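What follows is a single structure, written as C-alpha cells, with notes after it.
The values are calculated or read from the model by the stated rules, or taken from the named source; none is laboratory data. Please read all numbers here as calculations on a predicted model, not as lab measurements. Cβ sites come from the backbone with ideal geometry, for glycine too, and all protein chains shown count toward neighbours. Heads up: the accessible areas ignore ligands, DNA and RNA and are worked out on the full protein's heavy atoms, side chains in. Shrake-Rupley method; radii C 1.70, N 1.55, O 1.52, S 1.80 Å.
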Amino acid sequence: MTLEEKVGQLTQWRGEWSDTGPRVAEGGEEEIRAGKVGSFLGVYGAAYTRELQRVAVEESRLGVPLLFAHDVIHGFRTTFPMPLAEAASFNPELVERAARIGAIEGAAHGLHWTFAPMVDLSRDPRWGRIVEGSGEDPYLGSVMAAARVRGFQGDDLAAPDTLLATAKHFAAYGGAEGGRDYNTVDVSERTLHEIYLPPFRAAVEAGAGSVMAAFNEVAGIPMHAHEHLIEDVLRGAWGWDGVLVSDYTGILEMVAHGFSPSRVDAGIAALRAGVDVDMVSNIYLEDVPAAVRDGRLAEGIVDEAVRRVLRAKARLGLFDDPYRYSDPAREAAVTLTPEHRAASRELARQSIVLLKNEGGALPLRKDLGTLAVIGPLADQPRIVLGGWTAAGRAEDAVSVLEGLRRAVGPDTRVLHEAGAEIEGADTSGFASAVAAAEQADAVVLVLGEHHDMSSEAHNRTTLDLPGVQRQLAERVHAAGKPTVAVLLNGRPLSVGWLDENVPAILETWFLGVEMGPAVADVLFGDVSPSGKLPVTFPRNVGQIPIYYNHKSTGRPPDPDNKYTSKYIDVPWTPLYPFGHGLSYTTFEYGEPSVDRATIPVDGEVTVSVTVKNTGPRPGTEVVQLYLRDDFASVTRPVKELRGFQRVPLAPGEAKTVTFTLGPDDLAFYGQDMQRVVEPGTFTVFVGGSSAEAKRAGFTVE
Ligand code: BGC
C-alpha cells in the first residue's frame with residue numbers, strides 16, 4: 001500500500017442529497033478509483049452503493065471495498081421512539097429489537113456502519129442532545145448501550161443484516177457547561193469514571209466495533225487528541241481493538257480549540273491519540289503524508305490505524321463478498337414492513353410515561369360524544385418522528401390527532417384546533433380553541449416542543465413550554481371540561497402549571513412512525529402506561545443540575561432547618577423524580593428482605609420483594625432497586641440504581657421479584673481510583689421510582 005492509499009483508507013467523505021436520494025459529490029467516483037476513499041457518510045441505496053462498491057473493488061488499484069456509514073439512531077425507514085423515550089421503557093429486549101430492525105433495514109440499503117448508539121449521559125436538560133441518549137443514569141445507560149450494540153451487530157457482524165455499532169461521543173460530551181452543545185467539559189476524574197464512562201465500557205464489552213470521539217475537550221485536552229482516555233483507558237485498560245472515528249470535522253476543530261496551530265498538527269495529534277478515521281476534515285488525506293515524509297509522524301502510527309479499518313472491513317465480511325449488504329431485492333422486502341411498524345408501536349407504547357393521573361382522569365372512553373384535540377403538536381406527522389430520522393419520512397408517520405381519530409368509536413366527533421404555533425406570541429387562535437373545548441366532553445391538550453428544539457446544537461435556556469402554549473392551556477382549561485395533557489418533547493420540561501391544574505399528564509416524547517396509534521392505545525386504556533422517567537424533571541431551569549444520584553452533603557435539605565442545602569424560592573426536590581411513572585392500576589410493595597444479613601467483600605446478597613397489583617386493571621410495573629453504601633472512604637451517592645425488572649401483573653396478582661447484588665454492584669473507586677468493596681453497612685431501596693422506596697439493609701464484613 002502506498003502512503004496515499006493508506007490515508008485514503010482513513011478518509012471518510014460525506015454524501016450529498018439529490019432528487020434521487022443520497023449521492024457522492026461530483027468527482028466522487030474518480031476519488032474512489034484513485035484509492036482516496038475509505039468510507040462514505042450518508043450514502044446509501046442498494047443499487048447505488050453496489051455501483052460505487054464496484055468502482056472501488058474493480059477499478060481502484062488495490063480493490064479494497066468501501067464502508068458506507070450513516071446515523072441509524074432510532075430506526076432507518078421504520079422510525080422508532082427517540083433514544084431518550086426508548087430508555088423510558090426500561091425494556092432492553094425491545095430496545096435491542098429496535099436496533100436490530102434499524103440494522104436489518106439499513107444494511108439492506110447498503111449500509112455497513114451506524115453512528116449509534118449515542119451513550120452520552122447528561123444531567124443537563126438544556127443540552128439538546130439529551131434526547132439522543134438514555135438520560136442521566138450510568139446503570140440504565142449501560143444496559144441500554146449494550147442492548148443497542150447487540151441489536152445493531154447481531155450475533156455475527158459478517159451477516160448481511162448487521163451494522164457495525166459506534167458508541168459515541170467519547171467522552172463526557174453530555175457534560176457541556178451551561179448545556180451549550182460543543183462547550184467545555186471539566187469533570188473530576190471520579191465523575192468521569194463513575195458517571196460518564198460506564199456506558200462506553202458496557203458498549204465495548206457488548207462488542208461495539210467502533211467508537212466516535214467527542215467534539216469537546218475534557219479538562220483542557222480535546223477528545224480528538226486525548227491519548228490518556230483513548231490509548232490508556234479505552235484501548236489499554238478495556239482492551240478494545242475497534243475503529244475510532246472522529247466526529248464531523250472534529251480533527252480540524254482542534255485548531256479552533258486553541259490546541260493545534262495548524263491542520264497538520266491537528267492530524268498528527270489525532271493519529272497519535274488513536275483516532276483512525278477522519279470524518280470529512282480531509283486532513284489525513286491532504287496533510288498527513290507530508291508529515292510522515294518529513295519525519296514528524298512515524299508511518300507505523302498510520303499503519304496501525306489502517307489495520308484497524310481493514311480489520312473492520314474484514315469483520316463485516318466485505319473481503320469475502322463486497323456486495324453482500326447492497327441487495328435491491330432485500331431492500332424492497334424488509335423496508336417498513338408491517339412487522340417492523342408493529343415493533344415500533346409496541347416500543348412506543350412502553351415508552352410513554354404517565355406523570356400524573358388524579359381521580360382516574362385517564363384513560364378516556366372511546367365513546368365520548370365529542371373529543372377536542374387542541375394544541376400545536378397534535379397534527380404533526382413529521383414532528384412525531386423526532387430528530388435524526390435516517391431514511392424516515394413524514395408520510396409514513398401517524399400524528400397524535402390521526403391516531404386518536406382512528407381509535408375512537410363511530411359516534412365520536414373529534415374536533416381539532418392548533419390554538420397557537422409551537423413558538424411565537426400569536427394568540428389569535430385561542431378563541432377557536434376555547435370554542436372547540438366548550439363543545440367537547442373531554443379535551444386533550446397536545447403541547448410541547450418542535451423536534452428541532454432538541455438534538456444537535458439545539459439547546460435551550462428554559463425548560464418551559466415554548467411560545468404561548470401555557471397561556472393556551474390556561475384558556476382551554478378555564479372552559480371547565482375534563483382536560484388532560486399529552487406532551488411531545490425531547491428533554492424534561494418544567495410543566496409546573498400543568499401539574500398543578502390538569503388532572504392527567506402523559507409524557508410521550510417523540511415516538512416514531514406509530515406515535516399516534518401508540519398514544520391512542522394508552523390514552524384510551526387498551527394498554528396501561530408502564531414507562532418510567534430516565535431523567536429528572538426539574539421544577540425550573542434554575543435547579544439544574546438536578547439528578548437523583550446526588551451526594552448527601554454535610555447539610556442535607558431539611559425543611560425545618562434554614563441552614564441546609566436548598567432554595568428559598570422553590571423546593572429543592574424535582575417536579576418528577578428519576579424512575580417516576582404511574583399506571584392505570586396500583587401496585588403495592590411488600591417489605592424487601594435480604595437472604596443474608598452479612599456477606600464477605602466478595603460475597604453476594606439476594607434481595608426479594610413482593611409486588612402486588614392492587615388495582616382493577618392489568619399493568620406492568622418497573623420494579624427498581626437502588627443501593628447506598630452508607631459510609632465509605634469516598635462519599636457515595638444517596639442511592640444508585642443497581643437493577644430493574646418489568647413485572648406484568650393481572651389484577652390481584654402478586655409476584656416476588658429477586659435481585660442479586662455482587663461485588664461489581666457494591667464496588668466504587670476508592671481514594672486511589674482502584675475499584676474496591678469496603679466493609680460496612682449498605683442500604684437497599686426497592687420501589688416504583690427513585691423517590692418512593694422501601695428499605696432493607698445488610699453488612700459487608
Ligand atoms: C454528530 C455525530 C454524527 C455525525 C455524522 C455530527 O455532527 O455529532 O453524532 O454521527 O455528525 O452525521
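Quick notes on this one:
- For region 240-253, taking the residues that are of a type outside the set (Val, Ile, Thr) and in contact with a Ser or Thr (Cβ under 9 Å, 6 or more places away or on another chain), the one that is nearest to the ligand (Cβ to nearest atom) is identified as Tyr248.
- Matching option when the condition is within 16 Å of the ligand (Cβ to nearest atom) and surrounded by 23 or more Cβ atoms within 10 Å (Cβ to Cβ), among Ala266, Ala213, Ala256: Ala213
- Among (1) closer than 22 Å to Leu244 by Cα; (2) touching a His at 6+ places or on another chain (Cβ under 9 Å); (3) of a type in the set (Phe, Trp, Tyr), the one test that Trp13 misses: (2)
- Filtered residue count, region 4-62, keeping only those that are modelled with pLDDT under 95 and either open to solvent by 60 Å² or more (accessible area, probe 1.4 Å) or among the polar types (S, T, N, Q) (or both): 7
- When Glu692 is tested against (1) modelled with pLDDT of 95 or more; (2) assigned to a loop (DSSP other than H, G, I, E, B); (3) open to solvent by 10 Å² or more (accessible area, probe 1.4 Å); (4) within 23 Å of Pro534 (Cβ to Cβ), just one condition goes unmet, and that condition is (1).
- Region 131-149 residues that are at pLDDT 95 or above and within 16 Å of the ligand (Cβ to nearest atom), paired with ones that are among the basic types (Lys, Arg) and open to solvent by less than 10 Å² (accessible area, probe 1.4 Å) (beta carbon under 8 Å, 6 or more apart): Val131/Arg491
- Residue list for region 295-327, restricted to those being in a loop (DSSP other than H, G, I, E, B), touching a residue at least 24 places away in the same chain (Cβ under 8 Å) and among the charged types (D, E, K, R): Arg296, Asp320, Arg324, Asp327
- Criterion: open to solvent by less than 10 Å² (accessible area, probe 1.4 Å), in contact (Cβ under 8 Å) with a residue 12 or more places away in the chain, of a type in the set (Phe, Trp, Tyr) and away from the ligand (no atom under 16 Å from the Cβ) - qualifying residue of Phe68, Phe80: Phe80
- For region 586-624, filtering for residues that are of a type in the set (A, V, I, L, M), open to solvent by 50 Å² or more (accessible area, probe 1.4 Å) and closer than 29 Å to Lys356 by Cα leaves 0.
- Residues of region 176-200 satisfying the condition of being open to solvent by less than 50 Å² (accessible area, probe 1.4 Å) and among the basic types (Lys, Arg): Arg190
- Residue in region 452-462 that is open to solvent by less than 20 Å² (accessible area, probe 1.4 Å) and either among the acidic types (Asp, Glu) or touching a Gly at 6+ places or on another chain (Cβ under 6 Å) (or both) present: yes
- Within region 647-663, residues that are within 21 Å of Ser528 (Cα to Cα) sit with their Cβ atoms under 6 Å from residues that are open to solvent by 50 Å² or more (accessible area, probe 1.4 Å) and of a type in the set (D, E, K, R), at 6+ positions apart or across chains, in these pairs: Val647/Lys655; Ala654/Lys612.
- Phe578 being closer than 29 Å to Gly525 by Cβ, of a type in the set (A, V, I, L, M, F, W, C), under 26 Å from the mean Cα position of the chain (by Cα) and assigned to a loop (DSSP other than H, G, I, E, B): yes
- The conditions of being closer than 27 Å to Val434 by Cβ and in a strand (DSSP E or B) are not met by Lys366.
- Restricting the first member to region 278-293 and to residues that are at negative phi, and the second to residues that are aromatic (Phe, Trp, Tyr) and more than 16 Å from the ligand (Cβ to nearest atom), the beta-carbon pairs closer than 6 Å and six or more apart or on different chains are Asp278/Tyr284.
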